[in-house]
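Input: a single structure, listed below in structure tokens.
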Amino acid sequence: QVQLVESGGGLVQAGGSLRLSCAASLRTLNSYTKGWFRQAPGKEREFVAAISWSGGSTYYADSVKGRFTISRDNAKNTVYLQMNRLKPEDTAVYYCAAGGTSAPRSRDYDYWGQGTQVTVSS
């Protein structure tokens, strides 16, 4: 059974940092694109960042470019999202996703985690 488990969320003050992790249960997911999405209350789930299977290509939403960094360690079956200079508008549930998508910015992923809450106080 495929599982993606996120961790690292929490409460942080504006300007602070958090690092999210997403561990996959199967090594086969190392050949998939991995993405991070977020969903704030009352809003649709939106793309945050994605990384190709090799790590050679990365994609970011304009709202996080220059503040967030996505990376992956295939030896650990894990993808990370380093979030710096956090803002209150970054508050959301963050979801990890994996898939053979040709459109990394879309929600066209095969597997999703359960999410981890990130709250940024002003």
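The values are calculated or read from the model by the stated rules, or taken from the named source; none is laboratory data. Here the structure is a predicted model, which is why all the values come from computation and not from measurement. Neighbour counts are summed over all protein chains in view; Cβ atoms, including those assigned to glycine, are modelled from backbone coordinates with ideal geometry. Heavy atoms of the whole protein, side chains included, go into the accessibility calculation; ligands, DNA and RNA do not. Shrake-Rupley method; radii C 1.70, N 1.55, O 1.52, S 1.80 Å.
Under 14 Å from the Cβ of Tyr80, count the other residues' Cβ atoms, weight Lys and Arg +1, Asp and Glu -1, and hand me the total.
Values: positive: Arg19, Lys34, Arg72, Lys76; negative: Glu6, Asp73.
Neighbour charge sum, excluding Tyr80 itself: +2.
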Task: Net charge over other residues, Cβ less than 10 angstrom from the Cβ of Arg107 (K, R count +1; D, E count -1) - done: -1
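Region 24-102: which GluC sites (Glu not before Pro) are DSSP loop and have at most 11 other beta-carbon atoms within 10 angstrom? Please report the intermediate quantities before stating the final value.
Details: sites: Glu44, Glu46, Glu89; in loops: Glu44.
Here the sparse-neighbourhood loop sites are Glu44.
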Task: Simple spin-label estimate for Gln39 and Ser102 in nanometres, 7 Å along Cα-Cβ - done: 2.7
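Quote the FRET efficiency, to the nearest 0.05, computed for Thr69 versus Gln3 with a Förster distance R0 of 25 Å and r equal to the Cβ-Cβ distance. Could you put the intermediate results ahead of the total?
Working: r = 24 Å, r/R0 = 0.97.
Rounded to the nearest 0.05, the efficiency is 0.55.
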Task: Label-point separation in nm, Ser54 to Ser17, each point 7 Å along Cα→Cβ - done: 2.8
Task: Cα-based convex hull, the chain, per residue volume (Å³, whole number) - done: 92
TODO: Could you look at the chain and say what percent of its accessible area is carbon and sulfur, using a 1.4 Å probe and all protein chains?
DONE: 46
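Stick to the Cα atoms of region 42-108, pair each with every other, and give me the Kirkwood hydrodynamic radius in Å at one decimal. Kindly include the intermediate steps, with their values, before the conclusion.
On the way: mean 1/r = 0.0776 Å⁻¹.
By the Kirkwood definition, the hydrodynamic radius is 12.9 Å.
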Task: Accessible area of region 47-122 divided out per residue, in Å², using a probe of 1.4 angstrom - done: 47
